[in-house]
Structure formats: structure tokens, C-alpha cells
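Chemist: Take this structure, written in C-alpha cells, and hold onto it; I'll ask about it next.
The values are calculated or read from the model by the stated rules, or taken from the named source; none is laboratory data. Only a predicted model underlies this, so the values are computations on that prediction, with no experimental measurement involved. In this analysis, Cβ positions are derived from the backbone assuming ideal geometry, glycine residues included, and neighbour counts consider all displayed protein chains. Just the protein is used for accessible areas: all its heavy atoms, side chains included, with ligands, DNA and RNA removed. Shrake-Rupley method; radii C 1.70, N 1.55, O 1.52, S 1.80 Å.
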Amino acid sequence: MNIAILNYHRIGGSGIVAYEIGRAMAEDLGHWVHFIGLEPPFRLRDNFLDRITFHRVEVKEYPVFDYQPYALALASQLSEIILKNEIDVVHSHYALPHAIAALLARDITGRKVKCVTTLHGTDITIVGAHPSMANITRYAIEKSDVVTAVSNSLKRDTEAKLGIRPGKIKTIYNFVNTRDFNPDLKKIELSQCKDTVMILHISNLRPVKTPLDVIKIFYGITKKLDLKLRLCILGEGPLQTEMMKLASELGIGGLVNFLGSYNDLGPLIVTSRLMLLPSKQESFGLVALESMACGVPVVASRVGGLPELIDDGINSCLFESGNLDEAVEKSVNLLKNPDFYLKLSQQAVKTASTTFSREKIIHQYESVYR
Ligand code: GMT
């Protein structure tokens, strides 16, 4: 099949999922994949992969436009790509603007190309459900041939918030590539983390991730455990300065490292002992899955799709959203009890490599395409 994939190129779960689907379609299943966007998906930038092409969208800058019309430029250039490459399926990640651009491009070509849309979370819970965007998001969903959501929680939220009929949206869980995320990866020697227990948080440090709570939970752990501890923050975002300020107010500034953004996360994850994810909302929590695949248990809030992935006390831990005392208690309990830790770590790897493996999930997408 010839598959076109539309996604956001910035670092984030939806771009990773889009890239990994394209990669698996080309590498494992022999399809031809065309990524289309302003920039290549960031994991593609370091790699050349056979049967994968990137098409850059050009947007004409014109002073009369208040906003450059990216969605229209995408639709127009996608219509050419559809015709030239005999595209069978356009897979849009995010209803807006990608699914709309795909529907428009199909109309322009008059071809019977199929439109598949995957919902990732914030496109519905934050943007799509806003009154200014609700109608067009509903239209994108209703007119797509198949719509998938990355968890049952997101599927239910979308049906409720946008009044979508049950049966229209199908859940296909996110997945992890266990070649890149597994417990046997070589650990990184971080001089600042030598002989210490490293606790990790990975996110875009936006309010929805409650990154200030990460600092507070870590502070609580340091008060209860007589261990050399470090908190490493991977990712960049608007709350970084506030996090630094809070850490120094609490007297733990020297124990918190901000490492910035990286592509190859596996070696950093295996170097750490625990992942903290206290998000306010998380439609799936890809980073939790990647951590579990590395055998690093997660302490996460019981929100959105996280309970579909995390079985509390079996493969990681969940706490009630906002209950930081519970988060501290569960983290301390894990770090203090090696047998319990090992049990959770092994079960986390098992969950990731069975229920959420690339091999299992990618066939679900392929059968949707077929
Ligand atoms: O979490 C973010 O802010 C980024 C966002 C994205 O669009 O990349 O992540 C969403 O999609 C991911 C991939 O499906 C999910 O794993 C994340 O849970 C979801 N984020 C939220 O729902 C907040």
C-alpha cells in the first residue's frame, strides 16, 4: 500500500506514534510511506529509512494574511502527492488541522483514497472541545472513514464531549518498539548521577503535566529516604523556570538536573530507577509505556488512559490525581522494597512487550488500512 501520514513534527507523543507507525509499515510490512509536514518527524531526522519519503509543505507568506494558511497549503500539496504517488490511505494524527486537510485533498483529487484519523488527546480534550473548534472537529471525525483513539478513555471523552455516535471511534492503543526500549540497553554514565538513585520525569513541562508536583513529590521522597537521590528532568517547556525556583526554595536545587530534549530516550530511562508522571490529564501516557518497557516502574496519577496501561501495584503504581502524599508513599515503598520493586519491574516489561508491543498493534492499523 502507499500510505501518507500527517502529523506534528514537534517532540511529543503523537509525532512519535505517527513516526513509529510509518516506520513499522515500511520496515516490517513492506508498505511505502510518505510523511508530509513542515519538518520531518523528529525521530526520522537522524535516520534514513528505505521506503520512507518526507515531503516538506511550503506555506506562502503574504502580508495580507493575519495567519499563514498551513491547513490549506497542506491540503493543496497533499492532493498532488496523492495523485503522483497513488496514495491509498491518508492517516492523519490529530483531527485539526490534519484530518480536515486530508478530507479536502481527497475532494480535490476526486480519488477514492481512504482517510484514517487518530485522536491523541489534547486535540479533543483541549482544542477540539472548545466551542470555537467543536463543529469542525466533529465534522473531521464524522467524515473520516475510520477514526481511532489511543485509549478507551479518550474514545469515551470524545463521544461525550462532541456527541459522536458510539461505534464510530475504535480504540487502538499506542505501542512501544522494544528494540529501542528494553531493560538490556546500555546505561549512560552521568557523572552528576554517579552512585545515586535517579528518578526521572519526561514531558513538555506544560501545566497539564503538573511538573511542579514532580518537584514536590521528589522533595517528599528525599525527606523519607536515606538514599543519595537525584531528579532528572527530560524535555523542555514553559514551567521549567518555575520548577527550578521551587526546587531551590525547597533546598533541593542541587539535586535536580534539567537535561533538555533528547531523541534516544531508552538509555536514559534504563539508567533511572523510577519515573514520575503526575499529569492532570493523559489520554495514554506514551512515556509511561516506554519506561515500563525498560523495566523502570512508573508512579502516575489515576487519570485518562493511564489505568488502562498501569495495573496499580502489579506493573507500576497509580495515585489519586493531586494526592501528592500518596505519590510519595508509593514511590518510597517501591524504592525501599527490592523484592516488590523487582516484581513490578518484571511485570512492567511483560505488559509492554505483550499487550502494547509494536508487533501486536501495528497489525491492527494495517487491517484498518486494508
Ligand atoms: O502530552 C502532550 O502534551 C503531547 C501530546 C501529543 O499530542 O503529542 O500527547 C498526547 O498524545 C500522546 C500519544 O498518543 C499520549 O501518549 C499523551 O497521553 C497525550 N497527552 C495528553 O493527553 C495530555
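Chemist: Among 193-199, 10-16, how do they line up by average Cβ neighbours within 10 Å per residue, starting with the highest?
Modeler: Going by the mean number of other Cβ atoms within 10 Å, highest first, we get 10-16, 193-199.
Chemist: With θ set to phi - 60°, apply the Karplus curve 6.51 cos²θ - 1.76 cosθ + 1.60 along segment 177-186 and write out the HN-Hα couplings as whole Hz, x wherever there is a Gly or Pro.
Modeler: Coupling constants for segment 177-186: 8, 6, 6, 8, 10, 7, x, 8, 4, 6 Hz.
Chemist: With springs only between Cα atoms under 10 Å apart, run a GNM on the chain and tell me which of E80, E20, E290 wobbles the most.
Modeler: Of the options given, E80 has the highest mean-square fluctuation.
Chemist: How large, in percent, is the carbon and sulfur part of the accessible surface of the chain at a probe radius of 1.4 Å?
Modeler: Roughly 50 percent of what the probe reaches on the chain is carbon or sulfur.
Chemist: Eigenvalues of the Cα gyration tensor times 5, then square-rooted: what semi-axes does that give for segment 191-354, in whole angstrom, largest first?
Modeler: 21, 17, 16
Chemist: Let me ask something else about it. Hey, can you find the accessible area per residue of segment 16-139 for me, probe 1.4 Å, expressed in square angstrom?
Modeler: Per-residue value: 49 Å².
Chemist: Can you give me the orientation-averaged projected area of the convex hull built on the Cα atoms of segment 80-132, in nm²?
Modeler: Taking the Cα atoms of segment 80-132, their convex hull projects to 3.8 nm² on average.
Chemist: At a Cα cut-off below 19 Å, give the aspartates and glutamates reachable from K161, other chains included and same-chain residues fewer than 8 away excluded.
Modeler: Partners found: D123, E142, E282.
Chemist: Then there is this: For M1 and R111, compute 0.36 nm times the residue count separating them, minus their Cα-Cα distance, and round to one decimal in nm.
Modeler: 38.1 nm
Chemist: Name the residue, out of G220, G163, G235, whose mean-square fluctuation peaks in a Gaussian network model built on the chain with Cα pairs under 10 Å.
Modeler: Comparing G220, G163, G235 in a Gaussian network model of the chain, the most mobile one is G163.
Chemist: Which of the aspartates and glutamates could a cross-linker span from K330 if the Cα-Cα distance has to be under 18 Å and same-chain partners fewer than 8 positions apart are dropped?
Modeler: D213, D226, D311, D312, E320, D339
Chemist: For each pair in K187/K228; K194/K224; K216/K336; K280/K350, compute the distance between the two Cα atoms and list the pairs where it is over 25 Å.
Modeler: As for pairs spanning more than 25 Å Cα to Cα, those are K280/K350.
Chemist: Past the 20 angstrom mark, what percentage of all C-alpha to C-alpha distances in segment 1-57 do you count?
Modeler: Percentage above 20 Å: 11.
Chemist: Once you compute Rg and the Kirkwood Rh from C-alpha atoms, what is the Rg to Rh ratio for the chain?
Modeler: 0.99
Chemist: Residues with amide H under 5 Å of L225's amide H, sequence separation 5 or more or different chain, H placed in the peptide plane at 1.01 Å from N; which?
Modeler: When sequence neighbours closer than 5 places are left aside, there are no close amide H contacts.
Chemist: Counting Lys +1, Arg +1, Asp -1, Glu -1, what net charge surrounds R358 among other residues with beta carbon under 14 Å of its beta carbon?
Modeler: So the environment of R358 carries a net charge of -3.
Chemist: Add +1 for every Lys or Arg and -1 for every Asp or Glu among the other residues with Cβ under 14 Å from the Cβ of Q77, and state the total.
Modeler: That works out to +2.
Chemist: Another one. Cβ under 15 Å from L212's Cβ, L212 left aside: what net charge do those residues give with Lys, Arg +1 and Asp, Glu -1?
Modeler: Overall, the nearby charge balance is +2.
Chemist: Once you have all Cα-Cα distances for segment 6-146, histogram them in 5 Å bins from zero and send the whole-percent values.
Modeler: 2, 10, 19, 23, 22, 15, 7, 2, 0, 0
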